[in-house]
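The values are calculated or read from the model by the stated rules, or taken from the named source; none is laboratory data. Here the structure is a predicted model, which is why all the values come from computation and not from measurement. Backbone-built Cβ (ideal geometry, glycine too); neighbour counts: all protein chains shown. Side chains are part of the model used for accessible areas, which takes the heavy atoms of the whole protein and leaves out ligands, DNA and RNA. Shrake-Rupley method; radii C 1.70, N 1.55, O 1.52, S 1.80 Å.
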Amino acid sequence: MATTANGAATTTTTNGVNGAAKGAAAAATTNGVNGAANGAANGANGANGKEQGRHQEVGHKSLLQSDALYQYILETSVYPREPECMKELREITAKHPWNIMTTSADEGQFLNMLLKLINAKKTMEIGVYTGYSLLATALALPDDATILAMDINRENYELGLPVIEKAGVAHKIDFREGPALPVLDQLLEDKKNYGSFDFVFVDADKDNYLNYHKRLLDLVKPGGLIAYDNTLWNGTVVAPPDAPLRKYVRYYRDFVLELNKALAVDPASRSASSPSATASPSAAGSPDRSKFPPTPKASDFCLLSILLLYVITYLFRACNSLCYKIWVKELSRRCVIALVRTPYKSETGKEI
């Protein structure tokens, strides 16, 4: 998982917790948003001669060398906490011919926990497939939350929709069929959408990751998260130039490398990586703050407060009571001083 952060936004690019990144089984299903090859498991494993004997968990593309260790993680910390509805959707997806594109159970659990930690209410998902990660997101959000979900294939989404509806979270989802870039451009036409999203999860066409990133930085609020799946591309980012990778794996690997390089040199980004989760916080420079709704300045409040005090003083001075005059004068003096003075500490540490 890669997480990129600045004062404007935090971008989390996930390669899946413990390597449970989504992957694309066939490039034929990936012509827009729904993960134009969401993983290179077959290509990488074929290159290393390890296709045989790999863990059979749906969505599994772990970088862990021990399948027994991955199974231990699933049995001790993932399956015991997996909601029944997510288990049902995982089993439905496992029967789909392109099930390698799905989010694995441990990654879904991680996304769910992350969303709860940041108290997200308005999120976006680019690349849905059957909706396992979407369901994990919806279950983590409050009842009045919203998820803008985009995918080029509604048929795949409808495989999981009955489970999502049965879980009682379908009302949170606004599904849009079609490419994501036109939708993002449309959102950017309205300044009310700037800085309005708490979290975005991107598991789509890798050749558009940077295009998504440039737009999402304006849409995600300061301190928000953008999560990119497959940033280690199942380990092929370090494969030698002559490695025998499948064509689509090699093709999309170049775009993943481009994204990682862009995040690494971004002056507003911070990156941290591990074999199981590449954390590359990338809030890509400070967005043009002029696009956001204007924020009142502290000096404006001070001036308004002082003006209000003088108005109150004037009204009370119209009264004949001497006590009112003395009281208002003292109140005005104390409030103005409280507004303009700057506290500091003496050598003894006492604030003066």
Worksheet entry | Residue selected from segment 110-154 under the condition under 19 Å from residue 90 (Cα atoms) and free of Cβ contacts under 8 Å to residues at least 40 places away in the same chain, by the criterion surrounded by the most Cβ atoms within 10 Å (Cβ to Cβ) | 134
Discussion item. Quick check on this structure: which one of 210, 217, 232 is under 16 Å from residue 125 (Cα atoms), out of contact with any Lys or Arg (no Cβ under 8 Å at 6 or more places or on another chain) and crowded, with 24+ Cβ neighbours inside 10 Å?
Written reply: 217
Practice prompt. Just give me the residues in segment 235-248 being open to solvent by less than 30 Å² (accessible area, probe 1.4 Å) and in a loop (DSSP other than H, G, I, E, B), in sequence order.
Written response: 239, 243, 245
Practice prompt. Please state which of the following conditions residue 184 fails to meet, knowing it meets all the rest: (1) open to solvent by less than 10 Å² (accessible area, probe 1.4 Å); (2) closer than 20 Å to residue 111 by Cα.
Written response: (2)
Discussion item. Just to verify a result, which residue in segment 197-234, among those that are assigned to a loop (DSSP other than H, G, I, E, B) and more than 17 Å from residue 150 (Cα to Cα), is farthest from the chain's Cα centre (by Cα)?
Written reply: 232
Worksheet item: Is at least one residue of segment 195-204 charged (D, E, K, R) and buried (at least 18 other Cβ atoms within 10 Å of the Cβ)?
Response: yes
Item to complete: Sort through 191, 261 and tell me the only one that's among the charged types (D, E, K, R) and farther than 30 Å from residue 144 by Cα.
Response: 261
Worksheet entry | Count of segment 183-207 residues which are closer than 13 Å to residue 126 by Cα and free of Cβ contacts under 8 Å to residues at least 40 places away in the same chain | 2
Discussion item. On the basis of being modelled with pLDDT under 90, farther than 22 Å from residue 145 by Cβ, open to solvent by 40 Å² or more (accessible area, probe 1.4 Å) and more than 20 Å from the chain's Cα centre (by Cα), does residue 45 make the cut?
Written reply: no
Discussion item. Under 6 Å between Cβ atoms, which residue pairs at least 6 apart in sequence (or on different chains) link something in segment 155-182 that is in contact (Cβ under 8 Å) with a residue 40 or more places away in the chain with a partner that is open to solvent by less than 40 Å² (accessible area, probe 1.4 Å) and assigned to a helix (DSSP H, G or I)?
Written reply: 160/89; 163/85; 163/89; 164/135; 164/170; 167/85
